[in-house]
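The values are calculated or read from the model by the stated rules, or taken from the named source; none is laboratory data. All figures in this text were calculated on a predicted structure; none of them were measured in a lab. In this analysis, Cβ positions are derived from the backbone assuming ideal geometry, glycine residues included, and neighbour counts consider all displayed protein chains.
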Amino acid sequence: QIYPYEQLLITNPELPAGVERNTIEDHLSDEEFESIFHMDRLEFHRLAEWKRCDLKKRVNLF
């Protein structure tokens, strides 16, 4: 399920049903994902886990 970035922010106390915080980036559209992280999903998943967490924190998704 795809949701807008604003609905997935950590400042939103109520996430949509079925969305888990540890994989929240999976619920962004491809276009929004690339706009937010400045890379595609494949590049993102090639990063070390600590680096992915750091990037998610920077954009308020963790």
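Summary of values
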item: Long-range neighbours under 8 Å by Cβ, at least six apart or interchain, first residue in contact (Cβ under 8 Å) with a residue 40 or more places away in the chain within the range 35-62, second loosely packed, with under 11 Cβ neighbours inside 10 Å; result: 60/11
item: Residues within the range 36-62 that are within 16 Å of residue 7 (Cα to Cα) and of a type outside the set (A, V, I, L, M, F, W, C), tallied; result: 3
item: In the range 39-62, residue nearest to residue 11 (Cα to Cα) [restricted to those that are among the basic types (Lys, Arg) and surrounded by 14 or more Cβ atoms within 10 Å (Cβ to Cβ)]; result: 56
item: Residue list for the range 43-62, restricted to those being hydrophobic (A, V, I, L, M, F, W, C) and outside any loop (DSSP other than H, G, I, E, B); result: 44, 50, 53, 55
item: Test result for residue 32, touching a residue at least 24 places away in the same chain (Cβ under 8 Å) and either surrounded by 10 or more Cβ atoms within 10 Å (Cβ to Cβ) or among the small types (Gly, Ala, Ser) (or both); result: yes
item: Subset of the range 1-19 (residues that are within 18 Å of residue 58 (Cα to Cα) and modelled with pLDDT of 90 or more); result: 4, 5, 6, 7, 8, 9
item: Scan of the range 1-42 for residues that are of a type in the set (Gly, Ala, Ser) and assigned to a helix (DSSP H, G or I), ordered by number; result: 35
